[in-house]
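To start, the structure itself, in structure tokens.
The values are calculated or read from the model by the stated rules, or taken from the named source; none is laboratory data. Quick caveat: nothing in here was measured; it's all calculated off a predicted structure. A quick note on method: Cβ atoms are made from the backbone with ideal geometry, for glycine too, and the neighbour counts reach across all protein chains shown. For the accessible areas, the whole protein counts, side chains as well, though only heavy atoms, and no ligand, DNA or RNA atoms are used. Shrake-Rupley method; radii C 1.70, N 1.55, O 1.52, S 1.80 Å.
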Amino acid sequence: MDVTRERAWETLTRYTKNEPLLRHALAVEAAVGAYATRFGEDEQLWRATALLHDFDYEMHPTLDEHPQDGAPILREEGWPEEVVEGVLSHASHLGLPRDTQLKRTLFACDELCGFVHACGLVRPDGIETLEPRSVKKKLKQASFAAGVNRDDVYQGAEALGVELDEHIAFVIAAMRPIAGELGLRTGESAQ
């Protein structure tokens, strides 16, 4: 089976109809894909894994089910074990080792992308001028984007071996070109 971004998008959209979940998948794909380029890794494989990381969330919205109950579906569809294991490893409750750069990167980008998106939703210009210090300030506000696991954000950057400010800036930069697709205001739409 060829692992492509297009095939992953087809699988994702067959199981996921919820617009916010699709936007989250696109955000994580952008960040993970940018890191693949930075690390000299297989961008198609990394983008596909990022797109699929929550593909089963609508069917399996609880920790008892997600993502472990989605893994057999991916295997049945012929996705390679590297993709399946990457998807499984993003879920801390499964306790799987993040023993590859892909697994560490997906984990590091998942919660942070959600948080950066939330920051962009409350800003007049989306994420166009968003800076790491603003994100870090919001991270300290427990009531803001309360569903985002702050420990995962901090542990993710640490696992990547990247300073938190650098990681935040990198993720913001990766998400900016697709801000419109993410439902965020852009410079043009803010004027």
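Summing Lys, Arg as +1 and Asp, Glu as -1, what charge do residues with Cβ under 15 Å from the Cβ of ALA25 carry, ALA25 excluded?
-4
Please report the equivalent ellipsoid semi-axes of the chain, computed as sqrt(5 x eigenvalue) of the Cα gyration tensor, largest first, in whole Å.
Semi-axis lengths for the chain are 25, 18, 16 Å.
Please sort by residue number the trypsin sites (Lys or Arg not before Pro) in the range 17-125 whose DSSP state is loop and whose Cβ has at most 14 other Cβ atoms within 10 Å.
When the trypsin sites (Lys or Arg not before Pro) of the range 17-125 are filtered for loop state and at most 14 Cβ neighbours within 10 Å, LYS17 remain.
For the range 1-124, what does the accessible surface come to per residue with a 1.4 Å probe? Please give it in Å².
On a per-residue basis, the range 1-124 sits at 42 Å².
In degrees between 0 and 90, to the nearest 10, how far off the longest principal axis of the chain does helix 19-39 point, with axes built from Cα atoms?
90 degrees
Compute a Gaussian network model of the chain, connecting alpha carbons closer than 10 Å, and tell me which residue from LEU121, LEU45, LEU88 fluctuates the most.
Between LEU121, LEU45, LEU88, it is LEU121 that shows the largest mean-square fluctuation.
For the range 1-103, what % of the accessible area comes from carbon and sulfur atoms, probe 1.4 Å?
Answer for the range 1-103 is 50 percent, counting heavy atoms of protein chains only.
Compute the helix-to-body angle for 150-160: its Cα long axis versus the longest principal axis of the chain, expressed 0 to 90° and rounded to tens.
With both axes taken from Cα atoms, the answer is about 70 degrees.
Beyond 18 Å, how much of the Cα-Cα pair distribution for the range 19-84 remains, as a whole percent?
Percentage above 18 Å: 41.
Nearest 500 deg cm²/dmol is fine: what mean residue ellipticity at 222 nm does the chain get from its DSSP H runs of n ≥ 4 alone, each adding -39,500 (n - 2.57), divided by its residue count?
Mean residue ellipticity, 222 nm, calculated: -18000 deg cm²/dmol.
Can you compute the charge dipole magnitude of the chain about its Cα centre, using +1 on each Lys and Arg Cβ and -1 on each Asp and Glu Cβ, nothing else charged? Give it in debye, rounded to the nearest 20.
Dipole of the chain, to the nearest 20 debye: 800 debye.
Considering every pair of different Cα atoms, what Kirkwood radius, in Å, is found for the range 94-191?
On the way: mean 1/r = 0.0723 Å⁻¹.
This gives a value of 13.8 Å.
Cut-off 10 angstrom, C-alpha nodes, Gaussian network model of the chain. Which of ALA31, ALA91, ALA50 fluctuates the most?
Residue with maximal mean-square fluctuation among ALA31, ALA91, ALA50: ALA91.
Considering the chain as a Gaussian network with a 10 Å cut-off on Cα pairs, which listed residue, LEU96, LEU26, LEU112, attains the greatest mean-square fluctuation?
Ranking LEU96, LEU26, LEU112 by mean-square fluctuation puts LEU96 first.
Can you send over the carbon and sulfur percentage of the accessible area for the range 132-171, probe radius 1.4 Å, protein chains only?
47 percent
Ordering TYR35, TYR57, TYR15 from largest to smallest accessible area (1.4 angstrom probe), what's the sequence? Walk me through the numbers on the way to the answer.
Numbers: TYR35 0, TYR57 85, TYR15 55 Å².
Heavy-atom accessible area, descending, gives TYR57, TYR15, TYR35.
Determine how large the accessible area of ASP64 is when every protein chain is in place; take a 1.4 Å probe and give Å² rounded to the nearest 10.
Result for ASP64: roughly 130 Å² accessible.
Run the 1.4 Å probe and let me know the accessible area of GLU166, rounded to the nearest 10 Å².
Per-residue accessible area (GLU166): approximately 80 Å².
Please give the solvent-accessible surface of HIS167 in Å², to the nearest 10, using a probe radius of 1.4 Å with every protein chain present.
0 Å²
What do the square roots of 5 times the Cα gyration tensor eigenvalues come to for the range 84-131, in whole Å, largest first, as semi-axes of the equivalent ellipsoid?
Numbers: eigenvalues 166, 20, 9 Å².
Each semi-axis is the square root of five times an eigenvalue, giving 29, 10, 7 Å.
Could you give the angle, 0 to 90 degrees to the nearest 10, between helix 101-121's Cα long axis and the longest principal axis of the Cα atoms of the chain?
40 degrees
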